[in-house]
């Protein structure tokens, strides 16, 4: 196989029959589909603390309790999605459930919400991963200016994950397995050692003193922390604050639905393996989430958005909660460095969950006609290449716009996924009620309860995060649904117009064949022969810009035309395209039942450099003609070498075909139709 940079980057093509061999066992499926949910534990606790800090750091004691409430919601969602996987082992998750039970519009709402969530997953994950590295560097060297490179590093991270996914599902699983399992090992080591120090050693090292924690404020707030500490949790403001913190922490649930969307990537038995992977994921997620929340409140950790005494005005702490916990438990040891490096990697690779699910969901919607058909095409590495390209193209601008700031991306994050949770569970309720399978009452009750809870969380999140950017998602999702429906309507219109039902082909249709003749030379003769073979009434057309060129064409025409008539179209304004377009339109007006076939001769020199030496008017003409109904354009290439041996006595030295050999070109039409339409 010839050398190809593409092959070096993404690998050699894979045959279709190998698609079954590219499916994943649970040990590889877990790092691919669980990386998003697991990595969210690295920022879910700090999002709870950031929300509580609005009421003062004295409310941090609520963090573990809110984590338990979120874990309970996680259990309900996982049980519900396990039922979805069993009922729909073909994948698709919320989209398929809604399509099958609720109709096309709820299905498109679910699809739009998930697609938005996956785009945000890539932006948030890459930003959070780079934040882990900047926290590591700042923790080791507070004077470092690494934050200046946040955006470029985030963009590179997205591109790396995209390339890995373009190489295929199995290769991405192998690539992500080591960092994912290393992350789990270090997280459990961190939590286990931290709990050992707390319960056996009697205390944990404090990363911030109680006085600093008490004085911490939420960045941008004009209130003193002593005023905010007086929030009454029984008041409306207090309840709203707790609900705000609960909704912020629910970002830990994002990614759970990815397994149900991508079940077709699992080895057989698909449903069993997918459900087991989901249950394992829930157990890992719940224990790590609670462990980090518990330790964070006992080491004096503060969210990165906090400002503390001693910092310059307007500057925030910037260090992630996981980094602070790591420094408190491990100190600045090799374990702390390993924790931050692996956390960075798993956060970046968390984008892989979106890269695994986004293209598959796009393919499902494309098969149903709600997205362009090209998104359903499988690439030569047995992945949906187009979906991967689009996901990368949408997430990178988000990273740039929000400057890789996780805290400002989070408000846009969870609405989509909780909307899909709500729709999918509502769809399952209808499925159980309609099918009335054994035990349908309990299943419907479970899904109904889950639907209610996720709806409440979604509404809370939309309200409390609305002014922070959630309004954008609230607008984008309906716009996407409208776009999906328009695409569907287009495809339905195309199908109706292409249908053979009731169609009777017109009889006695006469085709008009026109061949452009810019000059008489070897590059034109094949086009004349092709036109003559298509119709005995084929006609040549010459655009007259220069009288000398026209005279030469007329003089030679009787020798090479073999009786084909020629029409000379004047072009007083030296346009090469307008005269032929007007001529074609006149023919169409006289005979609307006919087809007009325009044959354009072109010569193709070898190599890229010689192509730059000739114009491309023929390409422009072909493009213009393409949009005229009833017109067919045929390009007839004549391939030539870029350089041949020449001397002054050869035919090449004589300017007898309008080429510029030296001085002023005879006829001045060297650009006429150019290298792609018959003359250089």
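Of note:
- Approximating the spin labels as points 7 Å out from Cα along Cα→Cβ, the residue 489-to-residue 471 distance works out to 2.8 nm.
- Ordering of 81-92, 536-547 by packing [mean C-beta count within 10 Å, highest first]: 81-92, 536-547
- Judged by the mean number of other Cβ atoms found within 10 Å, the most tightly packed of the peptides 201-214, 493-506, 388-401, 121-134 leads the ranking 121-134, 388-401, 201-214, 493-506.
- The angle between the Cα long axis of helix 236-249 and the longest principal axis of the Cα atoms of the chain comes to about 60 degrees, rounded to the nearest 10.
- The slack between residue 585 and residue 571, meaning 0.36 nm per residue of separation minus the straight C-alpha distance, is 3.4 nm.
- Shape of the stretch 380-443, Cα gyration tensor, a/c cut at 1.5: oblate
- Percent of beta bridges antiparallel (DSSP, the chain, rounded to nearest 5): 10 percent
- The Cα center of the stretch 478-528 and the Cα center of the stretch 256-310 differ in position by 52 Å.
- Viscosity 1.567 mPa s, 4 °C: Kirkwood-radius Stokes-Einstein D of the stretch 123-167 over Cα pairs, µm²/s: 117 µm²/s
- Pairwise FRET efficiency - residue 592 versus residue 559, Cβ, R0 = 41 Å, nearest 0.05: 0.65
- Extension gain, residue 463-residue 236: 0.36 nm per intervening residue step, less the Cα-Cα distance, totals 80.3 nm.
- Distance distribution note for the stretch 269-418: the fraction of Cα pairs above 28 angstrom is 40%.
- Hull volume per residue, based on the alpha-carbon atoms of the chain and their convex hull, is 236 Å³.
- Cα point-scatterer Debye curve for the stretch 314-371, base-10 log of I(q)/I(0) at q = 0.15, 0.28 Å⁻¹: -0.62, -1.03
- Hull volume per residue, based on the alpha-carbon atoms of the stretch 469-607 and their convex hull, is 240 Å³.
- Between residue 338 and residue 367, the contour length at 0.36 nm per residue exceeds the Cα-Cα span by 6.0 nm.
- Relative to the dominant Cα principal axis of the chain, helix 104-140 is inclined by about 70°.
- Computed label-point distance, nm, for sites residue 311 and residue 268 using a 7 Å Cα→Cβ extension: 5.7 nm
- Relative to the longest principal axis of the Cα atoms of the chain, the long axis of helix 334-349 lies at roughly 40 degrees.
Only the coordinates and a few stated rules stand behind these numbers; no lab work does. On a predicted model such as this, the values are computed, not experimentally measured, just so you know. All Cβ positions, glycine included, derive from the backbone under ideal geometry; neighbour counts span all protein chains shown.
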